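J.: Below you'll find the structure I mean.
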Amino acid sequence: MAEYEACALGIQETIGFRVKLLKVYEDSALVIHQLKGERETRDHKLLPYQAYINELMELFDDISFHHIPREE
């Protein structure tokens, strides 16, 4: 849940700067794959977070999600 919250907060912060193209980097492979639609979100507690981030995504011309291993 914390990974989704951090991702949502990061995206929210860019809105105030009127960013239209955004690359999101996250160390949680699961969150990235779920947001990209490559994996199903099974935990019902995460669905509201995912829905909220999907709403935020509509505010950008282009938004992409990238996994960065925790070691990096």
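The values are calculated or read from the model by the stated rules, or taken from the named source; none is laboratory data. Since the model is a prediction, treat every value here as computed from it, not as a measurement. Cβ coordinates were reconstructed from backbone atoms using ideal geometry, including for glycine residues, and neighbour counts include every protein chain displayed. Only protein heavy atoms, including side chains, enter the accessible area calculation; ligands, DNA and RNA are left aside. Shrake-Rupley method; radii C 1.70, N 1.55, O 1.52, S 1.80 Å.
J.: Which cross-chain or sequence-distant (5 or more) residues have an amide H under 5 Å from the amide H of S64, H modelled 1.01 Å from N in plane?
T.: It is L22, K23, V24, by chain and number.
J.: While we're here: I'd like the distance between the alpha-carbon centres of the range 50-72 and the range 5-24, rounded to an integer number of Å.
T.: Each part reduced to its Cα centre gives a spacing of 8 Å.
J.: Something else: Carbon and sulfur atoms: what percent of the 1.4 Å accessible area of the range 1-43 do they account for? All intermediate terms of the calculation are to be shown ahead of the outcome.
T.: Numbers: 1520 of 2950 Å².
That share works out to 52 percent.
J.: Based on alpha-carbon atoms only, what is the radius of gyration of the chain relative to the globular estimate 2.2 N^0.38 Å?
T.: 1.05
J.: Relative contact order (percent) for the chain, with alpha-carbon contacts under 8 angstrom and 6 or more residues of separation?
T.: Details: 72 pairs, mean separation 35.1, N = 72.
Worked out over the chain, it gives 49 percent.
J.: How tilted is helix 47-57 with respect to the longest principal axis of the chain? Cα atoms for both, answer in degrees (0 to 90, nearest 10).
T.: On a 0 to 90 degree scale, this one is about 30.
J.: Report the chymotrypsin sites (Phe, Trp or Tyr not before Pro) located in the range 5-72 that are in a DSSP loop and have at most 11 other Cβ atoms inside 10 Å of their Cβ, or state none. Don't skip to the end; give the middle numbers.
T.: On the way: sites: F17, Y25, Y49, Y52, F60, F65; in loops: F17, F60.
Listed in order of number, the matching sites are F17.
J.: OK, next. How much mean residue ellipticity at 222 nm does the chain get from its helices, if each DSSP H run of length 4 or more adds -39500 (n - 2.57) and you divide by all residues, to the nearest 500 deg cm²/dmol?
T.: Details: 3 runs with 32 residues, N = 72.
Only helices count here, giving -13500 deg cm²/dmol.
J.: For the chain, with every protein chain kept in place, what is the accessible area per residue (1.4 Å probe, Å²)?
T.: Working: 5110 Å² over 72 residues.
Solvent-accessible surface per residue comes out at 71 Å².
J.: Tell me the angle of helix 2-15 to the major Cα principal axis of the chain, expressed in degrees between 0 and 90 and rounded to the nearest ten.
T.: Here the helix axis deviates by roughly 10 degrees.
J.: Amide H of R39: which non-local residues (sequence gap of 5 or more, or other chain) have their own amide H closer than 5 Å, using H built in the peptide plane?
T.: Q34
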